[in-house]
Every structure is written in C-alpha cells, then in structure tokens.
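Below is one structure; the comments refer to it alone.
The values are calculated or read from the model by the stated rules, or taken from the named source; none is laboratory data. Just so it is clear, the model here is predicted, and its values are computed rather than measured. Quick reminder, even Gly has a Cβ in these numbers, built from the backbone with ideal geometry, and neighbours come from all protein chains shown.
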C-alpha cells in the first residue's frame with residue numbers, strides 16, 4: 001500500500017499515517033476506514049502524525065480539502081492534534097489555505113520537519129493537557 005497506518009506508541013495515543021512515494025487520492029480514500037478503525041478502537045484522544053517525508057502531494061490538493069476536513073483525523077470524537085511531518089513549499093501553501101478555509105484546523109494542525117519533532121510536540125501537548133479532546137471548534 002502507498003499509505004500505511006500504525007500505532008506510533010505502545011499506549012495507542014499516537015497514530016502514524018505514512019504516505020509513501022506515488023500515493024494517490026484514491027489511496028487516501030482507501031485508507032480512511034483504517035484510520036477510522038484505529039480511532040474507534042480506543043476511548044481516549046489519539047494524536048496523529050501524518051508523515052509526508054520523501055513524497056509530495058498529488059495533483060488536485062485544493063479540490064480535496066473538503067474531504068480531508070471531514071476525514072477521521074479531523075472529525076472523529078477521539079481525534080486530537082495532527083502533526084504533518086515534511087514541509088515541501090507547496091504543502092505549506094496547501095496547509096495555509098486549509099487553515100484559512102477550515103478555521104478549526106488552526107490549533108489542531110501543524111507542520112514540523114521530522115518525526116522526533118512531531119513526537120516532542122505531541123508529548124508537550126499531552127503534558128499540558130492530558131486526555132483532553134478537541135472541543136467543537138477543533139481546538140485542543
């Protein structure tokens with residue numbers, strides 16, 4: 001599969017979704033039920049690491065923003081903070097558009113350069129507000 005989903009920690013508080021070279025929007029849609037299953041399997045907040053290192057967004061990113069905004073990592077009751085790893089310039093621009101259109105993402109979505117930075121950011125959020133889930137505005 002061009003997109004893989006796995007637990008990033010033994011406590012099942014971080015789900016890592018890795019996008020491999022050549023992934024498509026069809027691959028993303030096929031992976032959404034897997035992500036839903038991870039989020040359904042626990043009764044606590046799950047933060048998400050979306051790993052885009054060594055890949056790029058396929059064409060049509062802007063037109064897929066509504067689907068992304070309603071996907072499990074952003075809409076599920078157990079979903080928490082989403083950290084995107086890898087920061088190609090175009091991806092930063094798409095995230096900027098996403099945040100301006102879907103305001104709830106301002107506090108929920110951020111970008112970092114590597115996995116260690118993502119894990120450290122999530123650990124900081126957990127230390128500040130353990131088990132807190134986003135409120136209806138999407139803010140953690």
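The single residue among 25, 7 that is farther than 12 Å from residue 72 by Cα and touching a helix residue (DSSP H, G or I) at 6+ places or on another chain (Cβ under 6 Å) turns out to be 25. Just to be sure before I move on: is residue 60 surrounded by fewer than 18 Cβ atoms within 10 Å (Cβ to Cβ) and modelled with pLDDT of 90 or more in the structure I sent? Taking the combined requirement at face value, the residue does not satisfy it. The single condition among (1) under 24 Å from residue 121 (Cα atoms); (2) surrounded by 15 or more Cβ atoms within 10 Å (Cβ to Cβ); (3) touching a helix residue (DSSP H, G or I) at 6+ places or on another chain (Cβ under 9 Å); (4) at pLDDT below 95 that residue 86 does not meet is (3).
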